[in-house]
Amino acid sequence: MASANDSKWQKDAADQNFDYMFKLLIIGNSSVGKTSFLFRYADDSFTSAFVSTVGIDFKVKTVFRQDKRVKLQIWDTAGQERYRTITTAYYRGAMGFILMYDVTNEESFNAVQDWCTQIKTYSWDNAQVVLVGNKCDLEDERVVSTERGKQLADQLGLEFFETSAKENINVKAVFERLVDIICDKMSESLDSDPTLVSSQAKGTRLTENPNPQASGCQC
Amino acid sequence: MAADDDGDVFEITDFTTASEWERFISRVEEILHEWKLISCLCKGPAIKGAYANGVWEEKTEELSFADFKFSLIHIWLKAKDEKREKSAEKESGDDEENDDREVTPTVYGDLMDMENDFPSRAHCLCRWYGLQDFVILTPANNSDAVLGESKIKLLLSSVNIALTDAGCCVPMFVQAHQKWRRLYQGTCVLPSANIEFGMVQLKRTPPQYNHLAGLLDVFKAKMGSVADPRPPVSVAVRFLYELCDWVNSPWSQPLPDFDDEVGCKGFDQLPFGACEDPVCSLSLYCTWPCLSEDMIVENHVYSDLDPLQAPHWSVRIQMTEDPLCLLGEYLSTFLALCHRKETLEQLLSGFGTEMREDSTGDISNALQRLTEPTVGYNLHVPTLTSYVSQPQKPTRKSKDAPIQGELLDQILQFLFPDSVKPSDNSSTETEENTSTVQQPSHPVKELPKQLKSAPVNGLLHKLAVCLCVLNQNNGGFMAVVQIWQEFILEMRYRWEHNYLIEGIEPGPPNLGSCLLQQKLQMLNCCIEHKRKRETLHKGYTGVPESPPSSPYRGPSTSQLSRSLSHNEAENVDQSDALNPIAENDQASGSQSESVAENSNQTNDSKTKKGPGSQKIGSSGESSDEEFFECNDSDGDQLGEKDEDTSERNQTEESMLEGAEDTENQSGDENEAEIDENQSETEMECEPVNISQTGSLAGSMTGSEIQEMVGTDARHSISNTSVLSDSAYKDSFSHKPEGRLALFQDLKLINCDERMYIPVTQEPAPMTEDMLEEHAEVLAKLGTSAEGAELRARMQSACLLSDMESFKAANPGCVLEDFVRWYSPRDWIEETIQDENGVKTEGHLSQRMQIPGNMWVEVWQTARPVPARKQKRLFDDTKEAEKVLHFLSSLNLSDIVVHLMPMLIHAALLKAMDNDDPSINVLKQVIEQACLKASQVTRSPQQDAKRYEELIRIIMQAEIIIARNLSLRSKFTTDLLEREDAQQELEHFVVTILQNSEVPVRGGPMGPAGSVISKLFQSAQRASYMILDEEESDERMDDDEESRLNSSVPNFPRPLAREYILRTFVPRPAPYSKQLPQRMFCSIEEDDFRIAGAFTSDSVFQ
């Protein structure tokens, strides 16, 4: 499986330092803390204010999972309504989504359903999604209870976490869980269809294509 | 061998002096030891059906006798532990001689076991002797043969010695004569007995042994026993009847009728089904499993063995191998084009002369025209429009082009139905046909979402199917190349003349569809964008790019609305929304023309059909007239449209514009008069329309009005004349420009103006390859802060454009205003209570206040420029050229691969149309095909090899479907006597399709059995009509004697008869032990075989 995917997920010749590459996307309303969340994970830093993201941005982080180096290319998106068309174009390439709302902002929570629909519309069926309620450190300002978050996640069939980028709560857990789900799904589909392995081995194309999962894991 | 000096040498010498024969025997023994066949492990008889369905294992060793090479093959049925236990139980219960003996050797049980007579699939020795474990000695070389009795005897005795020495209880056979004769002699050495396996094989059946009675004589004579009373011989019989003539249902796959010109049947459909009957013949096995010799009589004059009386029936269907299946054939042939490496130019040069008669020179001219369109080339579509009206027009193609004249016209009509102007009855019919085709003709089958193709019945679907069919039927790859060339030319024509491409999903490229589809969507976006642009700038450029005569016009506003980003309102139908308002607003002069025009725009197909049905018989008119007529009809539909008012209004509007274009002033009163200037008139109408709706938009505060309509909203607000508005002003005055609508009820912070949503530019649509490129560029910048900064800057164009638009629409605004509209969460409002009471105060969020951040920076550089005067975010010209270049740079193999997704999609739909849910195998195959299809089409690397695999799966489905159809037509319910048995028959058909040999439930009495009898009966009747008297007489001599009275026997002569005779008899002497004896006999047309296994006591002889 690994060898089959090696060539598939290589970004370019110079950057072969990983076994898999997963492309993840963080989406959600504007100023729910997507950029902070990503900086906390990738750089372990926190600033109370990042410049509002224009278009899309990304960070890279390599993690180990079962002796395999997994390179995560995490795309951070602008949450403003106006950027929907631009960002949704990138959905199709993503293998995993972190759908984020702000526990101190009702509106961002109410928009979750919408975002979910967007994922369904613009991504491949098998993209994995984790629902994340951010800013859980601000208990005083909380307007969305954990239970409501959980309930919604169940209803949408998503995994759920409450996090705080500021206090570094659950940030790593979210990414680890998402990687796990993707890996599971990937090996599942490889098991069910052994021909995939051989056919994938043929692919020598460098990744960075908009459909990595289309080409590869089918998870 | 020369001995040197050592003492050891003598021992070796002793060994080597052994003869070849001895060495051979010891080798056999050695192998038996190796295989661990020496211990007499006893297995019970196999469970029922195990021979056919169980797993057989095989081991081979090479050995030689002198220089003659043999292989020793051990074949045995792999027994599952569970099975063994079960059968062991059975053995202890059943076997009578079990008491006499401690263990029954496997071979005894096998010989006498009744459960596994006539296995449907097994080694011949297994079938003849019922053995589950045996060894064969056979010449290693296929052409070698052991000939001559003495040689066979020699081998047999060698084997005997080896078996005895090794103490092996497994029977061993020596293959004699040529292999195809399957002649074996064998032996088995048991502790107190041995078995002799003998065989006779003849080409012709001796008449005295052609029946059970004769065979019983042989069997008894062979036993030579005089034991009294002799136990009866048990007999198992199986007759095989074959049915080849399916009288009731001859195979009738309708071949696609390529000559049918009406409705373009030739090239709009993929064919489906098998060309030949996929079901070849039916074999009926009638079995009498266990009879006593006393119970049954079969001799040369009489037979009890009537198939209709047989207790057990089973059926096997012989399928035609690789029947020619149309769909698979078409697909593979098309895909095979992938192997052509020539470029399109090379292939096209094969035409020799040019494709189009109206252009000069060879085809390279046509290619040149791709880059510099000429007037001559522009003639193309007008010609196209007159195809139907002038069918007798001489062909425009050179003689070398594979598709000429009428057929080409039809194809183009089929692909681009909108470019044809129907002019008479017959063509109207065609038009209707095509439009019905356009509607999804089958219930939308949910193909997996992942299948990257194009909408069913869209242009690309049609193109793919059409090219595939043409490739097969109309000139191979040259036809494909030719039509592709036409296709490219048409695309370019449409781009240059602002015709939208029909049959392409509207909106920005759908990344869920295939690349080709995305490219065409992109091209459509470009065309739409260009039209919009040119309409707006018409007054300024002074060169109206009048949309040429066409039965349709205008980008549908509903289509545009889909690309609107900030307008959350899913704008319903533009005309619906406007109509009532237009009526209310008398001052702005609603006119039916413009409203009708709007509705006209929203529904292309309606407009297209409208004129089609009205214009019967008037062939020479330009389509503009249709346009107006259509307006009338549409206006009527909308109702409440006062013709006078509308005309007056139009006049007024036109007069306003008159300064610009005087020609129009007189031209608008009467439709009949406008003939000449129609295109201009039409053009003029548009700004008028927009200004009106714009004013409407102005009067509807904060309502959700589309960008398109509101483009010129400023007209009504500034209350200026249409003329001054449409004139292009180059000013950055503080006069608000490019307002779309009021934004809620917000007011600007620094002045008392209300805030307006500006008209904004849409971000450029992207196809997946562009997106990929773009993402790669962004990713290359790395993850450093500088990289991120640069990335943001690269993407700031859209932000800048929006800010500029906002500034233009809201003079005096500040960043805070912009943020309130654009990113409301960055505007923080706080309620402050002071001595004056409660008031709300707002400020920018912390992140917007970061000094020097992107937003502030861009805001500072932004000038108040309305969207339409800004630098284009979307360069339609460049993008369109890119698409067109992409299309024309594809070579044949690329074209094929790019069209494959649509073709596969169409093929899958075809297969699903013919799906039969009751057949599991088929369901599996189709599911597999769908899964595979989604993988293959989604793969970024479109690989012809993977498509080949996919096509193979689809072919498999096609064959199964064809077989199913064939079987169903053969086993029709018409033949049933009782209605309620229908289900049973269906079940039978389904099982027979999925299994090799199927027992007939209820035998001849069951519903399936009765149908089979009838099939045989009718086949018999049919054959007897042509048979002469003599032959039928001969037939009746046989076992069909009982049918003497009826004119025709129900069943033909059995093709093969098999008998198994078994008994326990003391051999060789009357005082010997009772031992199992068995004789198998098979009688076929030209093969007569008796295989006997006779056991004799080796102690009491």
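Here is how the numbers come out for the structure above:
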read-out: Shielding score for B:945-951, defined as the mean number of other chain Cβ atoms within 10 Å; value: 1
read-out: At 0.692 mPa s and 37 °C, Stokes diffusion of the range A:17-190 via Kirkwood alpha-carbon radius, µm² per second; value: 205
read-out: Values of log10 I(q)/I(0), in the order q = 0.10, 0.22 Å⁻¹, for the range B:872-950 under a Debye, Cα-only, solvent-free model; value: -0.38, -1.00
read-out: Charge tally in the Cβ shell below 10 Å around A:A165, where Lys, Arg are +1 and Asp, Glu are -1, A:A165 excluded; value: +2
read-out: Sorted peptide list for A:92-102, B:283-293, criterion being average Cβ within 10 angstrom, highest first; value: A:92-102, B:283-293
read-out: Label point distance in nm, B:S332-B:Q208, each placed 7 Å from Cα along Cα→Cβ; value: 5.5
read-out: Neighbouring partner chain Cβ atoms per residue of B:768-776, average, 10 Å criterion; value: 5
read-out: Average other protein chain Cβ within 10 Å of Cβ, residues A:35-44; value: 1
read-out: Sequence ranges B:114-126, B:831-843, ranked by mean other-Cβ count within 10 angstrom, highest first; value: B:114-126, B:831-843
read-out: Highest average packing first - B:167-175, B:847-855, B:859-867, Cβ atoms within 10 Å; value: B:167-175, B:859-867, B:847-855
read-out: Formal net charge of residues neighbouring B:S996 (Cβ-Cβ distance under 11 Å; K, R +1; D, E -1); value: +1
read-out: Cβ-defined net charge surrounding B:L965, 14 Å radius [Lys, Arg +1; Asp, Glu -1]; value: -3
read-out: Residue-span extension gain [B:E829 to B:L1055] - 0.36 nm each, minus C-alpha spacing; value: 71.7 nm
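Since every read-out is calculated from the coordinates, none of them should be taken as a lab result. Quantities reported herein were computed from a predicted structural model and do not represent experimental measurements. Quick reminder, even Gly has a Cβ in these numbers, built from the backbone with ideal geometry, and neighbours come from all protein chains shown.
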